[in-house]
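Let me begin by presenting the structure, written as structure tokens, before commenting on it.
The values are calculated or read from the model by the stated rules, or taken from the named source; none is laboratory data. On a predicted model such as this, the values are computed, not experimentally measured, just so you know. Here the Cβ is made from the backbone with ideal geometry for all residues, glycine too, and neighbour counts use every protein chain on show. Heavy atoms of the whole protein, side chains included, go into the accessibility calculation; ligands, DNA and RNA do not. Shrake-Rupley method; radii C 1.70, N 1.55, O 1.52, S 1.80 Å.
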Amino acid sequence: MTALGEEKLRKYTELRREFHAHAETGWTEFWTTARIAGILERLGYDVLVGRDVLDLDSVMGRPSDQEIAGFVERALGQGADPGWIKKMDGYTGAVALLDTGKPGPVLAFRFDIDAVDVSEAQDEKHRPFREGFASMNENAMHSCGHDAHAVIGLALAELLMEKKDTLGGVIKLIFQPAEEGVRGGKAITARGFLDDVDFFLGAHIGMGIPTGSVSPACGDFLCTTKFDLTYKGKAAHAGGAPNEGRNALLAAASATLALAGIPPHKDGATRINVGVLQAGSGRNVIPSRAVMKVETRGLTMELNSYVYDRAMEIVSGAASMYGVEMTMAKMGEAVDALSDEDLAGIVRDRAATISGLERIAPPVSLGGSEDVSWMMRAVQKRGGKAVYFVLGTDIAAGHHNEYFDIDEKVLDYGPALFAELALVLAAGK
């Protein structure tokens, strides 16, 4: 299959830069969702957004309603379609559906759309700044490539609609919010969109794979649980009546040190990290409140559970030891996943037919977490096939770096490969 061609590549390059300039972090992607939904609807898809694509009980790490209202106003001020904003009803994300009306498999494709909590570089050596498409939103930057993911999904949507008469079955295009922090994938999955899917495909750009290459499978997804802890004690004068206080800071500090002492597991990789500890109000006041932001990881669900269960024992014990109350809120979660070898083989074989893809790269070891794993597992659990691959692109700096940028050629061969895979799988070849 040929790639997009100059005219479409120019259109989608401009769209990628538009998304880049309107970077929005997890659960705040109101401008982004509205823009995506409008394009999909004009292409002829049935489009669902916001509350209609999420299981709200599975939503994790979402800002407060008051904060969300501010992000909605920001999106409207930046030109978001008020009609789509209203349909979202405070939640982000979109799913496009195409029922061909003919026999065939159910295919699902996932594209994440959120930005990272990074302040974008503001100097001339950074192309987005130099050429005028750096993020206009404070501490929000597409420094992981999800702007390109969204555009690849939209380009795929156009290619599939052009080939509608040759397709069978049902197509589902999932534009997922809040991947960063693994907060949104479970909510999409729990809503049931993967329950009837025969083939599931997802991809990431970059990740050390150069322009013109594809890695047919990405593995070593670490399971993870991310949670916030709040210790609530009692303030008192640190000099005059320290015995009357209950020190939340000491509880949090003791918990932090003890968490670092959880032994690694003999059966595989485990991780734990306290990334944030905030406590105290003044040097002469017994701290009455402390907040910890923690994550556990494991190569398998069992290994992650080992670390998480030990962590819960420790943080509860610290609360008891210092006589303070403790509350916990789960902020994100992902499971392990593996690509099906035969589906990865199809990716490898069809990549050779795509203009601009010249090399097959080795499998990529993620070494981190990705909540696409919820979707892959849901499909595989009912007998379907799933694959997560890497579309190579040269990058200006590492993922999540303030100088991150991409070689936009990936916007050409990326959608073409996805479309070729859709045509092959829908035809049952």
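Structure values in brief
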| item | result |
| --- | --- |
| Any hit, the range 354-368, residues being modelled with pLDDT under 95, touching a His at 6+ places or on another chain (Cβ under 9 Å) and under 29 Å from Thr296 (Cα atoms) | yes |
| Cβ-Cβ under 6 Å pairs, at least 6 apart or on other chains, the range 296-313 side farther than 17 Å from Gly181 by Cα and in contact (Cβ under 8 Å) with a residue 12 or more places away in the chain, far side open to solvent by less than 70 Å² (accessible area, probe 1.4 Å) and in a helix (DSSP H, G or I) | Ala311/Leu259 |
| Near pairs, Cβ below 8 angstrom, 6+ apart or cross-chain, from the range 128-147 (under 18 Å from Tyr12 (Cβ atoms) and touching a residue at least 40 places away in the same chain (Cβ under 8 Å)) to any residue that is open to solvent by less than 10 Å² (accessible area, probe 1.4 Å) and of a type in the set (S, T, N, Q) | Gly145/Thr393 |
| Set Ala134, Ala140: member being among the small types (Gly, Ala, Ser) and either more than 19 Å from the chain's Cα centre (by Cα) or crowded, with 24+ Cβ neighbours inside 10 Å (or both) | Ala134 |
| Cross-chain or 6+ apart pairs with Cβ under 9 Å, the range 361-389 first and among the charged types (D, E, K, R), then part of a helix (DSSP H, G or I) and surrounded by fewer than 18 Cβ atoms within 10 Å (Cβ to Cβ) | Lys385/Asp342 |
| Odd one out for Pro287 among (1) surrounded by 23 or more Cβ atoms within 10 Å (Cβ to Cβ); (2) not in a loop (DSSP other than H, G, I, E, B) | (2) |
| Unique residue being touching a His at 6+ places or on another chain (Cβ under 6 Å) and at pLDDT 95 or above when the list is Leu259, Leu249, Leu303 | Leu303 |
| The range 53-69 - residue that is open to solvent by 50 Å² or more (accessible area, probe 1.4 Å) and in contact (Cβ under 8 Å) with a residue 40 or more places away in the chain and, of those, farthest from Gly192 (Cα to Cα) | Arg62 |
| Condition broken by Leu107, with the remaining ones in (1) farther than 26 Å from Met207 by Cβ; (2) in contact with a Gly (Cβ under 8 Å, 6 or more places away or on another chain) satisfied | (1) |
| Residue among Arg271, Arg246 that is in contact (Cβ under 8 Å) with a residue 60 or more places away in the chain, more than 30 Å from Leu159 (Cα to Cα) and open to solvent by 40 Å² or more (accessible area, probe 1.4 Å) | Arg246 |
| Residues satisfying the stated conditions in the range 224-267, i.e. assigned to a strand (DSSP E or B), closer than 30 Å to Gly368 by Cβ and not basic (Lys, Arg) | Thr224, Thr225, Phe227, Asp228, Leu229, Thr230, Tyr231, His265 |
| Tabulated pairs, the range 199-217, first part of a strand (DSSP E or B), second among the polar types (S, T, N, Q) and modelled with pLDDT of 95 or more, C-beta under 8 angstrom, 6+ apart or interchain | Ile205/Thr393 |
| Positions within the range 173-194 being out of contact with any helix residue (DSSP H, G or I) (no Cβ under 7 Å at 6 or more places or on another chain) and more than 14 Å from Val372 (Cβ to Cβ), in sequence order | Gly192 |
| Output for the range 366-395, where each listed residue is out of contact with any Cys (no Cβ under 9 Å at 6 or more places or on another chain) and small (Gly, Ala, Ser) | Gly367, Gly368, Ala378, Gly383, Gly384, Ala386, Gly392 |
| Cross-chain or 6+ apart pairs with Cβ under 8 Å, the range 314-325 first and under 15 Å from Arg289 (Cα atoms) and in contact (Cβ under 8 Å) with a residue 12 or more places away in the chain, then of a type in the set (Asp, Glu) and loosely packed, with under 13 Cβ neighbours inside 10 Å | none |
| Answer residue from the range 330-345, given it is of a type outside the set (Gly, Ala, Ser) and in a helix (DSSP H, G or I) and is surrounded by the fewest Cβ atoms within 10 Å (Cβ to Cβ) among those | Asp342 |
| Residue match in the range 14-26 (condition: open to solvent by 10 Å² or more (accessible area, probe 1.4 Å) and either touching a strand residue (DSSP E or B) at 6+ places or on another chain (Cβ under 6 Å) or over 17 Å from Ile113 (Cβ atoms) (or both)) | yes |
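A quick yes/no check of all residues on (1) open to solvent by less than 30 Å² (accessible area, probe 1.4 Å); (2) aromatic (Phe, Trp, Tyr):
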{"position": "Thr211", "(1), (2)": "yes, no"}
{"position": "Tyr231", "(1), (2)": "yes, yes"}
{"position": "Gly240", "(1), (2)": "no, no"}
{"position": "Ser254", "(1), (2)": "no, no"}
